[in-house]
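One structure is given here, and the rest of the page talks about it.
Coordinate-derived values only; no laboratory data. Just so it is clear, the model here is predicted, and its values are computed rather than measured. No Cβ is skipped: glycine too gets one built from the backbone with ideal geometry, and neighbour counts run over all protein chains shown.
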Amino acid sequence: MQDETTPENIDDVPVKKAEHTDAAVSSDEVEHKLNDAEERVLRAQAEIENVRKRGQRELQDILRYGEMNLLRDILPVLDNIERAVDASEQTTDIESLREGFRMTAKQIEKILEGHNCKQIETDNAVFDPAVHEAISQQPGGDAVPGSVIGVTSRGYVLHDRVVRPAQVIVAANE
């Protein structure tokens with residue numbers, strides 16, 4: 001049984017032909033727009049690659065020359081040490097040499113602070129294994145057990161990372 005809306009033969013089905021109107025786009029225009037889009041994509045990819053390569057070069061420069069500012073700050077300290085060595089050969093005044101080295105040490109501490117490298121606190125501090133390295137324990141007399149009672153080597157942090165832990169002597173239980 002055949003539906004009245006369905007033709008018996010497929011050839012009898014009416015076909016609508018596409019009408020060309022002003023809104024219709026010619027194949028040349030489509031091809032032109034496609035070529036433009038492909039060109040924009042290629043240019044964007046090339047720009048991304050250039051940015052990636054530039055970023056890699058800049059990172060390599062930072063890794064290679066990152067210490068430049070620190071070195072520029074330290075070189076005058078080295079000059080002062082060399083002057084002190086030269087002066088020590090011409091004088092017998094030990095106290096002035098000692099004072100010169102104290103001033104040089106202060107100069108280095110100031111440079112380190114300027115580069116966000118700070119000394120780890122040890123005065124009246126409770127032993128903290130994150131920033132202190134206990135090299136020995138000894139009776140501390142009046143000191144609270146577990147507190148720092150001596151320092152053999154100062155420690156430093158850069159921002160929030162330990163550069164070197166402070167080597168300390170810790171008060172032991174009596």
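How high is the FRET efficiency between GLU133 and GLU109 when r is their beta carbon distance and R₀ equals 22 Å, given to the nearest 0.05?
Working: r = 21 Å, r/R0 = 0.93.
The computed FRET efficiency comes out at 0.60.
Give the residue list of GluC sites (Glu not before Pro) in region 27-89 that are DSSP loop and have at most 11 other beta-carbon atoms within 10 angstrom.
Values: sites: GLU29, GLU31, GLU38, GLU39, GLU47, GLU49, GLU58, GLU67, GLU82, GLU89; in loops: GLU67, GLU89.
In loop regions of region 27-89 (DSSP not H, G, I, E or B), the sparsely surrounded GluC sites (Glu not before Pro) are GLU67, GLU89.
Compute a Gaussian network model of the chain, connecting alpha carbons closer than 10 Å, and tell me which residue from ARG102, ARG43, ARG164 fluctuates the most.
Ranking ARG102, ARG43, ARG164 by mean-square fluctuation puts ARG43 first.
Which one, ASN35, ASN50, ASN69, has the greatest fluctuation when you compute a Gaussian network model over the chain with C-alpha springs under 10 angstrom?
ASN35
Counting Lys and Arg as +1 and Asp and Glu as -1, each charge on the Cβ, what is the dipole of the chain about the Cα centre in debye, to the nearest 20?
1340 debye
Scan around ALA125 for amide H atoms under 5 Å from its own, H built in the peptide plane at 1.01 Å from N, and keep only partners 5 or more places away or cross-chain.
Under 5 Å from the amide H of ALA125 lie the amide H atoms of VAL148, each far enough along the sequence or on another chain.
Given Cβ point charges of +1 (Lys, Arg) and -1 (Asp, Glu) and nothing else, what value in debye, to the nearest 20, does the dipole of region 118-174 about its Cα centre take? Walk me through the numbers before you get to the answer.
On the way: 4 positive and 7 negative charges, 62 e Å.
It works out to roughly 300 debye.
How long are the three semi-axes of the equivalent ellipsoid of region 118-174, in whole Å, if each is the root of 5 times an eigenvalue of the C-alpha gyration tensor, listed from largest down? Mind showing how you got there, number by number?
On the way: eigenvalues 91, 17, 14 Å².
Three semi-axes, in Å: 21, 9, 8.
Using only DSSP helix segments of four residues or longer, with each worth -39500 (n - 2.57), what per-residue ellipticity at 222 nm results for the chain after dividing by its residue count and rounding to 500?
Numbers: 3 runs with 81 residues, N = 174.
The helix contribution divided over the chain gives -16500 deg cm²/dmol.
Quick one: compute the contact order of the chain, relative version, from alpha carbon pairs under 8 angstrom and 6+ residues apart, as a percent. Please report the intermediate quantities before stating the final value.
Numbers: 152 pairs, mean separation 25.9, N = 174.
Value for the chain: 15 percent.
Among ILE108, ILE74, ILE94, which one shows the biggest mean-square fluctuation in a GNM of the chain, springs joining Cα atoms closer than 10 Å?
Ranking ILE108, ILE74, ILE94 by mean-square fluctuation puts ILE94 first.
Explain nothing, just the number: relative contact order of region 118-174, from Cα pairs under 8 Å at least 6 residues apart, as a whole percent.
45 percent
For the pair ALA143 and GLU99, how long in nm is the line joining their label points, each one 7 Å along Cα→Cβ?
Taking the simple label geometry, ALA143 and GLU99 are separated by 3.3 nm.
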